Amino acid sequence: MQAAKREIAVSMSDISKRFGPVRALENASLEIERGSILGLVGQNGAGKSTIIKVLAGIIRPDSGTIVINGETVPSLSPASVEKLGVHFIHQDRLLVPTATVGEAVFLGHEIGFRPFVNRRAMERKAADLLQRFFGMELPAGTLVKDLTTAQQKVVQITRALAQKASVLVLDEPTAALVKREADSLFDVLRRLRDDGIAVVFISHYMQEIEKLCDRVTVMRNGTDVGTVDPRETSIDEIISMMIARDVGEMFPKRSVTPGAPVLEVTNLRLGGGFENIGFNVRAGEIVGLTGLLGSGAKEIVQCLFGLKTADGGSIKVEGKQLALSTPVKAVRDGIAMLPEDRRAHGVALGLSVRENISLASLRRYSKSGLVSRGSENQAVDGLIKELSIKTPHRDALVRELSGGNQQKVAIAKWLSCQSRVYVLDEPTVAVDVGAKVEIYNLLNRLAGEGAAILLLSSDLLELVGVCDRVLVVYRGRLAGTFSGPSINSDALLAASSGARSNADGVAA
Amino acid sequence: MSVSANPNTAKVSLRAFLAKYSVLIAFAAIVIFFAVASPTFLTPANLFNVLVNNVVMLAIVALGLTIVISSGGIDLSVGVSVDMASMVFVMLLAAGYSGVVGVGGGLGAALIVGILNAILITRLNISPFLATLGVLFIGQSTQQLATSGGQPIYLTSGYASDQFKAIARTALFGVPTPVIVLVILAIAVHVLLHRSVFGRYVQAMGAQPGVAWYSGIRVPRELSMVHVLCALLAGVTGILLSATVKSYVPLSGNAFLLDAIGATFIGTTLSRERKPSVIGTLLGVLLLAIVKNGLLLVGWNFYWQQVGIGVLVFLVLAVSFGLRRATH
């Protein structure tokens, strides 16, 4: 890197954005240099994706200025941003799977005499570009769905280059890539940098940031807390910049002496997901589980609820061996699941609070197949009061409730079932701070009543604040177990991003 | 919907009222219109005719579809269930079997259609639309193959059919027997759909299948039950149809499909969440039957009746949904 000529491609300053009571961005600034790779790091909710969405024209900021190529742009839309040469490679593949490579590269900018497209010219030009930039040869007419994930990323980048991109923003591009593919993607990005393109690279993998980036901007609580050179600043220092120390009153205190093991998992294995996973959760204990996207942590939780069937190993609840092939069996065996996608799996928005709460336990409120409204109403009213669910009445539609209250309805459903094991998958995502605290209180109470709780979360502060023990999964294996005072965000982040290798030498 | 104290309040609540009761209002308006336009419309003989010939059979098919549509699915093969039950019933009677065997055989044939749908949908994971469309095609061809290209089968006197013809035409305490059958089935389906555990599961699957699955509901089993019940109800209609006309006419069941779907969706305008309900469906069926009968009495020919019904469906749905959007 020649530090001599610093050309700023994009400068965002004092960007603020509120969503209702939540401050997503607070005077955040970001500077993107030409011919340089900028890493953007921060915890979930730190504001990384919000500031990128502001730049992409998807979110309109409340205040702040954006300068692109020396010109102040008053307002942005996804189309106008692309015209200015700023392109985004989003985390999920945004390619039409049944399109050919040529169609994908020129999507929205088809070659040909309207309304016709010259398919052959598009294939030829796409092949030229792929060859020229990446030395990649694909048979003519290859379909997008037949490409590997890495190749699809390259096709997306090619699409941006075909439209003369000068700034390229990649949101977690390596999440679904194996190491070799990631390495070849890095080579591509370095070449683009050397050609003078400004690259922004968002990743949770600290090693990748260290290996690839020229500068790193760290975000925390909606603002940028500093920009450093990763060759001069250690990963540990960057991590400590990412984590706020003041946890405060967010996490209610509790003291519980754990009882006998309720959930026992031994040697659990899922092909392509994880292997050799063993742990137990005792009565009254809250155990955290964390890992990056693709680490296998999610799949462990899915196996515990019968959404996926493990290839080997055993799951026991209160000493009883379970064969979990469907959620039907998991529910019957006393396992409750709070799914991450609340709207698709947690609560039925079009049903009433009452219907949602009693859904998993209707047999308890029915006689010979008919629902007894009296006992159902009584139980539902009790739970609404107990969890202080804010709803006009028990027959109000769940759609009309706030996110936090919807989540409480989802929890009430399992309380009504008297489940023994609670598996929670990111329970506080898209829930406001006040409701978060209520949910933490609820977890504490459940644990106090002897339930075993497994909390899958990527919010490290939450894990530190709530859990008695935290298991970290890295690339399909348990990379570390932390308990009591040894649970701290630095250690969790380090273990989950593979920065601190363990005795097994799992980390790359 | 919160209503603040301003001059618009009256307008808003009137709109809400119109939106909620658009089917009932349309119903009343249409009855009044035909009563004025045709002197024979309100006569007991005509009302009996409407009820027995136009309402009962369609309503029973529509009850089945109400269950299926509540579960978030569709059954395009109800006509096949009607026909299969009708065909087997008539064939058995024509071969000299007793009425009980005939009814059992007819319902058995409908059951097979329902099980086939259930297997396609829950085992092979084919969408209800495509699965039942396939069964519709297969069922139509099967009938043509079994009746040398679609020849009707007539029941001559002397068979057990006379009893059935009698049943179709008699009355109990002044109420026609088919109407009693309908009332019993409607109450049963109402209780099943709105009061039973099974009904709750059906509603949950219809509202959000993922939530049903994540709540430990045996979705494939319940969904199979839904399709079997729908086919059985259509089978009842098939038997009533054959008993009334003393014959089996291939492919005649298809006439029920679109009317039954239409009636069910007209009925959804009664609920705030646009959910199908037994009462709504029955009102929808009555509405369609009265319009058909009324247009016939005022002298419109068959083709114009179809146009009239189409316009009516548009009007009811558009007014109901349009007003509702305005009130939100």
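Looking at the range B:180-198, which of its residues are open to solvent by less than 20 Å² (accessible area, probe 1.4 Å) and over 14 Å from the mean Cα position of the chain (by Cα)? Correct list: B:LEU193, B:SER196, B:VAL197.
Taking strands (runs of 3 or more DSSP E) as the structural unit, those lying wholly within the range A:431-499 and holding at least 1 residues that are of a type in the set (Phe, Trp, Tyr) and at pLDDT 85 or above correspond to A:469-474, A:477-483. Filtering the range A:388-410 to residues that are within 13 Å of another protein chain (Cβ to nearest Cβ) and either free of Cβ contacts under 8 Å to residues at least 24 places away in the same chain or buried (at least 18 other Cβ atoms within 10 Å of the Cβ) (or both) leaves A:PRO392, A:LEU397, A:VAL398, A:GLU400, A:GLN406, A:VAL409, A:ALA410. Inspect all residues belonging to the range B:199-219 and state whether any of them is β-branched (Val, Ile, Thr), part of a helix (DSSP H, G or I), away from every other protein chain (no Cβ under 12 Å) and surrounded by 24 or more Cβ atoms within 10 Å (Cβ to Cβ). No; the residues of the range B:199-219 include none that is β-branched (Val, Ile, Thr), part of a helix (DSSP H, G or I), away from every other protein chain (no Cβ under 12 Å) and surrounded by 24 or more Cβ atoms within 10 Å (Cβ to Cβ).
Taking helices (runs of 4 or more DSSP H) as the structural unit, those lying wholly within the range A:297-387 and holding at least 2 residues that are away from chain B (no Cβ under 14 Å), of a type outside the set (Phe, Trp, Tyr) and open to solvent by 30 Å² or more (accessible area, probe 1.4 Å) correspond to A:297-304, A:373-386. From the list A:GLY112, A:GLY102, A:GLY135, A:GLY47, the lone residue that is surrounded by fewer than 21 Cβ atoms within 10 Å (Cβ to Cβ) and farther than 22 Å from A:ASP183 by Cα is A:GLY112.
Selection of the range B:108-128 for residues being in a helix (DSSP H, G or I) and open to solvent by 20 Å² or more (accessible area, probe 1.4 Å) yields B:GLY108, B:LEU111, B:ILE112, B:ILE115, B:LEU116, B:ILE119, B:LEU120, B:THR122, B:ARG123, B:PRO128.
The values are calculated or read from the model by the stated rules, or taken from the named source; none is laboratory data. Computed from a predicted structure; not experimentally measured. Positions of Cβ are backbone-derived with ideal geometry, glycine not excepted, and every protein chain shown enters the neighbour counts. Side chains are part of the model used for accessible areas, which takes the heavy atoms of the whole protein and leaves out ligands, DNA and RNA. Shrake-Rupley method; radii C 1.70, N 1.55, O 1.52, S 1.80 Å.
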